[in-house]
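As structure tokens, the structure follows; a few thoughts come after it.
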Amino acid sequence: MADESGIRTRESIRELSSVAGETAVVTGASSGIGRAVAETFVADGADVVVCSRTRDDVESVAEELNGADVPGSALAVECDVTDRDSVAALAEATVEEFGGVDLLVNNAGGAGSGGPLHEVESDGWDGVVDVNLTGVYNVTTAFSDALREDGGAVVNTASMAGRYGVAGMGPYSAAKAGVSALTRTLAAEWAGDDVRVNAVEPGFVATPPVREQLGLEEVPEREGADREVGRPDEIADAIRFLASDAASFVTGQTIAPTGPPHTFEPPEV
Ligand code: NAD
């Protein structure tokens, strides 16, 4: 932790902020933020279970990561977070392959089609809440024994929509606000088991659905914070911090990688 003079060493700080050697599960890892998290963790030296609904998608991501010159590894597991049998199979496959899990990133989600709440049909509500909120419950509880056995960290992907309650995004805003609340609840419940639980609350991030929504052809350069749109790898870096031991005294928090707060504006309904 420190050299002879008592000053912390560069190596010890690097080690604390790394997820090398950890086993991580990342849901929704075939695209966007989840894919960037998987890339970041594998590059850092973690073994990452990449999960998403479509086998071909996760297999191609895992293949690419395993073919790269990086210290970690990737295992593809097809899983729909709204389907409890599928989630149980994910937990089983993870424990069978790695003997346990240290880090869980609940990232699978999406905003759905949107519109004023009084026009949202009940199946539209159910679909958005199922994936964004109930999915977090499904996956977190499926891994609860494995996580609490040796301690670990959970990072949930909430959203600015959950903080503000965005017009035209009622089910999504409510589900993501629920994710932030669940983050605090679980942090309190699992503190004694040495499991930290935090969340990120991104603003606009240049992932495939948002690029399409905003008509954004390019992913913005990583230059300065005064931007309205962030990059998937910038959110992955915030998630890596929360997952790492650098955040050893941070739990129950939701941090907002959004650029300057005043630049966030809800989309027009
Ligand atoms: P994306 O569409 O690029 O990725 C979403 C991923 O989730 C994909 O891999 C998809 O296959 C997976 N997924 C969707 N439903 C699933 C299910 N039922 N089971 C398993 N996997 C499922 O989108 P993204 O923008 O990278 O979003 C990732 C997360 O970040 C989501 O929770 C989203 O709500 C949140 N978020 C995104 C933004 C943004 O601006 N992009 C902002 C705030 C929060």
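Annotations for the structure displayed:
- When the Cα positions of PRO209, ALA108, TRP190 are compared along the charge dipole of the chain, TRP190 comes out farthest toward the positive end, with charges on each C-beta of Lys, Arg, Asp and Glu.
- Here the dipole of segment 169-269 is about 320 debye; that uses its Cα centre as origin and unit charges on the Cβ of Lys and Arg (positive) and Asp and Glu (negative).
- With every protein chain in place, segment 167-211: carbon and sulfur % of accessible area (1.4 Å): 58
- On a per residue basis, the chain carries 50 Å² of accessible surface, using protein heavy atoms and a 1.4 Å probe.
- Positive-end extreme of charge dipole, the chain - chosen from VAL70, ALA38, THR9 (charges on Cβ): THR9
- Cβ-placed point charges (K, R +1; D, E -1), dipole of the chain about Cα centre in debye, nearest 20: 840
- Beta bridges by DSSP in the chain, antiparallel share as percent, to the nearest 5: 5
- The listed residues ILE7, ILE13, ILE33, ILE239, once ranked by accessible area (1.4 Å probe) with the largest placed first, stand as ILE7, ILE13, ILE33, ILE239.
- Considering only beta bridges that DSSP places wholly inside segment 1-128, some 5 percent are antiparallel.
- With the whole protein complex present, GLU121 retains an accessible surface near 130 Å², based on a 1.4 Å probe.
- Segment 1-135 - percent relative contact order, Cα under 8 Å, separation 6 or more: 23
- Segment 58-115: C-alpha gyration tensor shape, a/c 1.5 cut-off, then a/b vs b/c: oblate
- If you sort SER86, SER60, SER5 by accessible surface, 1.4 Å probe, largest first, the order is SER5, SER60, SER86.
- Under a model in which nothing but the beta-carbon of Lys, Arg (+1) and Asp, Glu (-1) is charged, segment 10-158 shows a dipole of about 460 debye around its Cα centre.
The values are calculated or read from the model by the stated rules, or taken from the named source; none is laboratory data. Since the model is a prediction, treat every value here as computed from it, not as a measurement. Cβ: placed from backbone, ideal geometry, glycine included. Neighbour counts: every protein chain shown. These accessible areas exclude ligands, DNA and RNA; they are computed on the full protein's heavy atoms, side chains included. Shrake-Rupley method; radii C 1.70, N 1.55, O 1.52, S 1.80 Å.
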